[in-house]
Amino acid sequence: MIDIRPIPAFDDNYIWLLTRPGYGGCAVVDPGDEDPVIAGLRAAGLRLDAILITHKHGDHVGGIRGLKTEWPDAVVHGPVGEPIRTLERRLRGGDRVTLDGLDMTFDVIDVPGHTEGHIAYYSADAGDGVLFCGDTLFAGGCGRVFSGTFAQLSDSLIRIAALPPTTRIYCAHEYTLANLGFAAWVEPDSAALLARTARDRAAREQGAPTVPSLLADELATNPFMRTDQPGVVAAVSDWAGQSLSDRAAVFRALRTWKDKDYD
């Protein structure tokens with residue numbers, strides 16, 4: 001059985017560590033800083049076999065060179081559409097990554113928008129499914145639009161929404177409570193959102209991460225995954241001062257609302 005644990009980095013990043021009992025190798029996802037990874041692997045007596053990268057930003061790729069110095073045989077996988085010089089296997093949607101020692105295979109999904117070539121890794125080999133989505137989808141929210149487009153990010157979230165609702169979502173930041181605060185602006189009467197906020201606030205008070213989250217919870221409470229729901233459409237249209245119906249247009253206004261008035 002695969003064990004997936006966060007390695008905290010910087011102020012709010014999670015570098016994901018994948019191990020399997022009885023196997024001495026491991027993989028990490030989006031190592032922005034090599035130091036906590038090296039310390040953790042040395043303490044556990046692990047060898048780094050693979051590095052999975054979702055996109056180009058420094059807090060996701062900054063540790064690659066240091067990790068390759070420590071474990072030169074580790075293979076660096078990442079998006080073909082991003083200018084990351086340290087990649088050794090360049091991936092696009094539809095490709096597969098097999099980690100033999102971990103007995104896991106990932107399907108690569110194109111999820112541009114936050115950046116132009118962002119990818120995600122989905123596997124059904126670990127329980128009910130796992131998705132490493134970088135900064136595309138957050139617990140309760142989504143990434144900002146930087147070098148991609150609003151339409152791309154809207155489409156990417158719709159693509160993720162088609163995965164099984166039992167999928168565990170491993171995003172790369174602990175932004176959940178702030179995201180749920182904005183969600184309450186959009187859907188203030190949501191009982192599901194109120195319950196989730198109480199649960200996740202209790203987790204943070206205990207020092208526990210709020211991720212992974214379940215895709216089912218995102219579909220029920222994350223406004224960026226709910227741009228086809230009448231309550232979300234009405235709230236966003238009211239903020240924008242015009243009637244909106246197209247999901248891409250609703251998403252653009254929703255993300256702009258958060259960027260301007262909440263963040």
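The values are calculated or read from the model by the stated rules, or taken from the named source; none is laboratory data. Quick caveat: nothing in here was measured; it's all calculated off a predicted structure. For neighbour counting, all protein chains shown are included, and Cβ atoms are generated from backbone atoms with ideal geometry for every residue, glycine included.
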Taking the condition of being under 17 Å from the mean Cα position of the chain (by Cα), among the β-branched types (V, I, T) and under 20 Å from T54 (Cβ atoms), how many residues in the range 145-190 meet it? 6
Residue pairs qualifying under the 6 Å Cβ cut-off, at least six apart or on distinct chains, with the first in the range 7-30 being under 22 Å from T176 (Cα atoms) and the second being among the polar types (S, T, N, Q), are D30/T54
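Mind telling me which of the residues T197, T210, T221, T176 ends up being without any contact (Cβ under 8 Å) to a residue 40 or more places away in the chain, closer than 24 Å to Y14 by Cα and touching a Ser or Thr at 6+ places or on another chain (Cβ under 8 Å)?
Exactly one residue qualifies, and that residue is T176.
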Can you find, within the range 125-145, the residue that is modelled with the lowest pLDDT among those that are more than 19 Å from L219 (Cα to Cα) and aliphatic (A, V, I, L, M)? A126
Selection within the range 188-215 - closer than 20 Å to V130 by Cα and either surrounded by fewer than 15 Cβ atoms within 10 Å (Cβ to Cβ) or modelled with pLDDT under 95 (or both): A208
Kindly indicate which of G148, G101, G117 is modelled with pLDDT under 95, on the phi < 0 side of the Ramachandran plot, in contact with a Gly (Cβ under 6 Å, 6 or more places away or on another chain) and not basic (K, R). G101
Return only the number of the condition from (1) in contact (Cβ under 8 Å) with a residue 40 or more places away in the chain; (2) over 14 Å from I15 (Cβ atoms); (3) touching a Ser or Thr at 6+ places or on another chain (Cβ under 7 Å) that E82 does not satisfy. (1)
Let me confirm something: among A192, A234, A183, which residue is without any contact (Cβ under 8 Å) to a residue 24 or more places away in the chain and not in a strand (DSSP E or B)? A234
Across the range 144-171, what is the total count of residues that are part of a loop (DSSP other than H, G, I, E, B) and among the β-branched types (V, I, T)? 4
Name the residues in the range 211-222 that are under 16 Å from the mean Cα position of the chain (by Cα) and assigned to a helix (DSSP H, G or I), would you? L215, A216, D217, E218, L219
Please enumerate the residues belonging to the range 237-263 that are part of a helix (DSSP H, G or I) and charged (D, E, K, R). D238, R247, R252, R255, K258, D259, K260, D261
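Rundown of residues vs (1) buried (at least 20 other Cβ atoms within 10 Å of the Cβ); (2) on the phi < 0 side of the Ramachandran plot, yes/no style:
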site	(1), (2)
D3	no, yes
G32	yes, yes
G45	no, no
D59	no, yes
I84	no, yes
